[in-house]
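No lab work stands behind these numbers, since they all come straight from the coordinates. It should be emphasised that the depicted structure is a prediction, and the values quoted were computed from it without experimental measurement. In this analysis, Cβ positions are derived from the backbone assuming ideal geometry, glycine residues included, and neighbour counts consider all displayed protein chains.
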Amino acid sequence: MASKLEFARLPAADGVNGWWETLSPPSAAHSMRGERQFDFVVVGGGITGLCAARRLGELAPQASIAIVEADRIGRSTAGRNSGFFVDLPHDISSESYSRSVDADKADIQMQRHGIGYVRSIVRAEGIACDWRDDGKYHASVNKRGKEALEHFASGLRRIDERFEWLDEAAIAKVTGTSFYHGAIFTPGCSTVQPAALMRGLASTMPSNVEVFELSPVSRLEHTAAGEVLSFANGKITAGKVILCTNAYAATFGDHPNGLLPVYTFASLTRVMTPDEVKALGGINSWALIPADPMGTTVRRLGTDRICIRNHFAFRPGLEVSESDLRKAKHLHQRSFDRRFPMLKDVELEYTWGGALCLSANSGTLFGRRDDGLYQAIGCNGLGLSRGSASGKVIAEYALGMNNEMVQQLLKQPTPRPLPMRPIADVAVTAAIWVKELSAGAEL
Ligand SMILES: Cc1cc2nc3c(=O)[nH]c(=O)nc-3n(C[C@H](O)[C@H](O)[C@H](O)COP(=O)(O)OP(=O)(O)OC[C@H]3O[C@@H](n4cnc5c(N)ncnc54)[C@H](O)[C@@H]3O)c2cc1C
């Protein structure tokens, strides 16, 4: 029996996920126990895994399929994000989100493929997740931000993508705050309540897909009988396994794979009172990203709460500390106060962190990894639209299909390996620090 993989790092409770807490209580988790056999097992119940398992179920109705998630589906990273399904270029390591024309076009094609897939499921299944096709605003707060927006706009012109400029007064009419100096509106972004979407995707799986939660896989071995996955209370033997564990797949030491677990953090306010809503003004739901990728993302929700996200931290141990969370909350409060001086009594009710999976060259691990083993790993900060596409397409590939999207995703670069730790720790932490410092007012 050849040992293939030990799952050394498992999700931890990194703060309190406000999206999850504000949903109704979940039904009891169905956990993995005993000895089971499946044709396919998908490891990881984030957006990538959920799309992979569903697509397998759709295309292979006779096959038996399992999806196994260490936490509750919707409580872990895919249910912790700001809920932007971004269709346009969004390279957060660049100054203005764009890359080259060819790379931008390929990203758009992939991201729209993913968004279209999930939107069709949400509509067909009637998943209540506040799905909105209302676009997003990129807003700047100073001259440097305006220059970044102009760079982004010229990138969009080069690839014939539609957008609209808003001056200071126009963006203030949307958001209610005069904090922003200008913005670009792009219409193709959709937004969701991410925990509700993940839960809804899990509860509407095709009938040949069995969903296991609170079921961390500890080891995966290749045997003559198939792929054997070990759990605390049992094991599964599978024909094929698809790994969709994103940052939890990062390895360091003798076999570094170039994946970087970088945390980012969000807070959700309490529900505003009618007087506070009136004092804020603006429209009742909007979604805004900063001109500088290291700045602050803000959403005003139809539920009269505000969600705010900023700050990055390299955490190779895949866990954040109480002091990380305190620092994030402090930064969120400062950013909130600067934007919304009229809401000085509105507290941040929940604060949490979640692990992105970045790499130095925006590379991903996509395709066949070994006999019977496939992977779709490496969200590069944009897992909702990219993960939807890569989850759907890895399922098609694992079933032997070969189409344009399969070819495109197989062509993606793999992550560039980094220096060994602790050099990597110092280099990545310093790079984040410098970028956050230069984002300045955008925070
Ligand atoms: C605060 C914040 C804001 C963000 N905003 C956005 C945004 O607006 N738009 C966007 O596109 N992205 C955003 N992101 C990033 C987005 O959340 C990720 O890109 C996305 O979750 C990646 O999806 P995934 O399914 O590939 O991986 P994950 O969501 O990380 O899912 C992997 C899953 O694997 C499970 N797992 C790991 N190990 C095991 C094991 N051994 N056994 C079983 N299960 C295991 C984990 O519990 C996890 O649920 C944000 C992230 C954060 C933290």
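Applying 1/(1 + (r/R0)^6) with r as the Cβ-Cβ distance of HIS30 and GLU404 and R0 = 45 angstrom yields a FRET efficiency of 0.80. A Förster radius of 30 Å combined with the Cβ-Cβ distance from ASP371 to ASP425 puts the calculated FRET efficiency at roughly 0.30. Among 182-194, 414-426, 367-379, the peptide with the highest mean count of other Cβ atoms within 10 Å heads the list, and the full ranking is 182-194, 367-379, 414-426. Within the range 5-52, the trypsin sites (Lys or Arg not before Pro) that combine a DSSP coil assignment with at most 16 other C-beta atoms in a 10 angstrom radius are ARG33. Taking label points 7 Å from Cα along the Cα-to-Cβ direction, VAL434 and THR273 give a separation of 4.8 nm. In the chain the Cα-Cα distances spread across 20 Å bins starting at 0 as 27, 59, 14, 0 percent of all pairs.
Charged neighbours of THR251, selected by a Cβ distance under 12 Å, balance to 0 (K, R count +1; D, E count -1). Looking at the chain as a GNM with Cα springs under 10 Å, which of ARG132, ARG54, ARG123 has the largest mean-square fluctuation? Highest fluctuation among the options: ARG123. With 0.36 nm allotted per residue and the present C-alpha distance subtracted, the ASN284-VAL101 stretch has 62.4 nm of extension available. How far, in degrees from 0 to 90, does helix 194-203 lean away from the longest principal axis of the Cα atoms of the chain, to the nearest 10? Value to nearest ten degrees: 30. Distance between the modelled labels on GLN333 and TRP165, one decimal in nanometres: 3.9 nm (7 Å Cα→Cβ projection). Comparing mean-square fluctuations of ILE432, ILE65, ILE308 from a GNM of the chain with C-alpha springs under 10 Å, the top value falls on ILE432. A full extension of the chain between GLN62 and ASP130 corresponds to an added length of 21.2 nm, given 0.36 nm per residue minus the alpha carbon distance. Spin-label model, SER323/SER203: points 7 Å from Cα along the beta carbon direction are separated by 4.1 nm. Here the range 1-130 is treated as a Stokes sphere of Kirkwood radius computed over C-alpha pairs; at 10 °C and 1.306 mPa s its diffusion coefficient rounds to 90 µm²/s. Of all DSSP-defined beta bridges confined to the range 2-442, some 70% are antiparallel rather than parallel.
How much net charge surrounds LYS4 when only other residues with a Cβ under 15 Å from its Cβ are counted (Lys, Arg +1; Asp, Glu -1)? Residues near LYS4 contribute 0 overall.
Compute the Cα gyration tensor for the range 213-298, then decide on rounded, prolate or oblate, letting a ≥ b ≥ c be the square roots of its eigenvalues: rounded whenever a/c is under 1.5, prolate when a/b is larger than b/c in the other cases, and oblate in all that remain. Prolate is the answer for the range 213-298, as a/c is 1.5 or above and a/b outweighs b/c. Taking amide H as placed 1.01 Å from N in the peptide plane, the amide H of VAL42 sits under 5 Å from that of ALA66, ILE67, VAL68, ILE242, each at least 5 places away or on another chain. Net charge near VAL271: determine it from the other residues with C-beta under 13 Å of the C-beta of VAL271, scoring Lys and Arg +1 and Asp and Glu -1. Net charge in that neighbourhood comes out at -4. The alpha-carbon of LYS240 sits under 12 angstrom from the alpha-carbons of these aspartates and glutamates, leaving out residues fewer than 8 places away in its chain: ASP39, GLU221, GLU227, ASP370, ASP371.
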